[in-house]
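Dumping the structure here so I can ask a few things about it.
Just so it is clear, none of the values below were taken in a lab; they were calculated from the coordinates. Remember, it's a predicted structure, so these values are computed and weren't measured experimentally. Here Cβ is always computed from backbone atoms with ideal geometry, including for glycine, and neighbour counts include all displayed protein chains.
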Amino acid sequence: MVGVGGDPGRRITRVPGVPRSARSATLRDAVGLGVAVGLYGVAFGAAAVGAGLDPWQALAMSLLMFTGASQFALVGVLGAGGGALAAIGSALLLGTRNTVYGVRLAPMLAPRGRLRRAGAAHWVIDETTAMAVAAPDRELGRLAFWVTGATIYLGWNATTLVGALGAGALGAMAQAALDSVVPAAFLALLWPRLRRGAPEAGVQRRVALGGAVVALALTPFVPAGVQVVLAVVAVALAGRPRTREVAG
Amino acid sequence: MSTGTLWTVVLVGAAGCYLLKYAGLSVPAAWVQHPAVVRVVDFVPAALLGALVAVQAATSDGALVVDGRLVGLAVAALALALRAPFIVVLVLAGAAGALVHVVGG
């Protein structure tokens, strides 16, 4: 689940204060998280092919877009029969999160020169941000960012290709299974934001429910995929004053 | 959608997502730390994911549809509530959808 919801720092284990063990603990956590997240690319590769992309397009998305929630949103809209603009729009909406992460990471990474900044930017996602901000100091934060980024990048792309090539061999029952996996994947991405103890979980729940209701209500009337983008706009407009109050 | 259009969607979407990342490392922090911007960014994912869950689980070709996907979603919700790992949630949801397909024909 590259670049998906949840709060940076939440699932990171504590790093002991001793420098050497702190370094190896950071490495171990970064590689462990990378492997776990990378495996999930199988689901994306299969979903992308199910939505009508060919395996190379699926792989191109993981190589070039490299932010899981946006990738799932794009193929989700296409799979529902949506148009090009709706698909791109929903991917970009979810991608705005990474901009905020970049702002948070910029002082820590302090990438010198355009080339290094351009390289670092590609790996600014949920997990690398989580690992970097959870590290005990700046140097370990940078280490965590690069190691997590490299591990996830390799795993996510390799497993995307596996999922995309494997999807072609699916029968009707496997297709039914895959159809159920995609909404479950979105729910799993959403869940950490709604869980008790998450920041403003109550507001997040109302926002998520609002998005779902508006999208379903619009489904018969607008082209596929557009209802998803409209739902976000509607909830943003309707919810703003109230979320302010709750935020207090 | 033609192969050419699909490639365009993939490449334009990827370029846009990359520019959003690059902007974060490049713009003055004050721009993005504006409270209104932070609020929107905090809540857009929930609205979007909520909408995607609903559309993926309960619609097909512009109509509301009830099928095995909703059963899979319910199973996924239960698994998530029990704090099952991500991959387990997906496997259980897929198994539930496949089961409904077999039972229901």
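Express the relative contact order of region B:15-105 as a whole percentage, based on alpha carbon pairs under 8 Å and six or more residues apart in sequence.
About 20 percent, as a whole number.
Let me ask something else about it. In the Gaussian network model of chain B, springs joining C-alpha atoms below 10 Å, which of B:Ala30, B:Ala51, B:Ala14 carries the largest mean-square fluctuation?
Its mean-square fluctuation being the largest, the pick is B:Ala14.
Each label point is 7 Å from the Cα along the Cα-to-Cβ direction; what then is the distance between the points at A:Arg114 and A:Ser21, in nm?
Placing both labels 7 Å along Cα→Cβ, they lie 4.7 nm apart.
Helix-derived [θ] at 222 nm for chain B: sum -39500 (n - 2.57) over DSSP H runs of at least 4, divide by residue count, nearest 500?
On the way: 5 runs with 85 residues, N = 105.
Dividing the helical sum by the residues of chain B leaves -27000 deg cm²/dmol.
If we count other beta carbons within 10 Å of each Cβ, what is the order of A:Phe221, B:Phe86, B:Phe43, fewest first? It would help to have the intermediate numbers written out before the result.
Working: A:Phe221 10, B:Phe86 21, B:Phe43 25.
So the ranking, lowest neighbour count to highest, is A:Phe221, B:Phe86, B:Phe43.
How many Cβ atoms of partner chains, on average, are near each residue of A:26-38 if near means within 10 Å of its Cβ?
0
Which of A:Asp54, A:Asp137, A:Asp29 moves most in a GNM of chain A, Cα contacts under 10 Å?
It is A:Asp137.
What's the extension gain from B:Ile87 to B:Ala15 if we count 0.36 nm per residue and subtract their Cα-Cα distance? Present the calculation step by step, with values, prior to reporting the outcome.
Working: separation 72, 0.36 × 72 = 25.92 nm, distance 2.90 nm.
Full-extension gain reported as 23.0 nm.
Continuing with the same structure: Tell me the mean residue ellipticity at 222 nm calculated for chain A from its helices only (DSSP H runs of n ≥ 4, each -39500 (n - 2.57), averaged over every residue, nearest 500). Mind showing how you got there, number by number?
Working: 11 runs with 187 residues, N = 248.
About -25500 deg cm²/dmol.
Which semi-axes, in whole Å and largest first, does the equivalent ellipsoid of the protein assembly as shown have when worked out from the alpha carbon gyration tensor as the square roots of 5 times its eigenvalues? Don't jump to the answer; show the numbers that get you there.
Working: eigenvalues 185, 104, 83 Å².
Gyration-tensor ellipsoid for the protein assembly as shown: 30, 23, 20 Å.
How do B:Val44, A:Val213 rank when sorted from fewest to most other Cβ atoms within 10 Å of their own Cβ? Before the final figure, lay out each step's value.
Details: B:Val44 20, A:Val213 16.
If I rank by nearby Cβ atoms, fewest first, I get A:Val213, B:Val44.
By counting other Cβ atoms within 10 Å of each Cβ, how are A:Leu189, A:Leu92, B:Leu48 ranked from fewest to most?
Ascending number of Cβ neighbours within 10 Å: A:Leu92, A:Leu189, B:Leu48.
Under a 5 Å amide H to amide H cut-off, with H placed in plane at 1.01 Å, what residues pair with B:Ser60 once short-range neighbours are removed?
Here B:Val65 satisfy the definition.
Residue by residue, what Karplus-based ³J(HN,Hα) values in Hz, rounded to whole numbers, does region A:68-85 have, using 6.51, -1.76 and 1.60 with θ = phi - 60° and x for Gly and Pro?
Along region A:68-85, the couplings run x, 4, 5, 5, 5, 5, 4, 6, x, 5, 4, x, 7, x, x, x, 4, 5 Hz.
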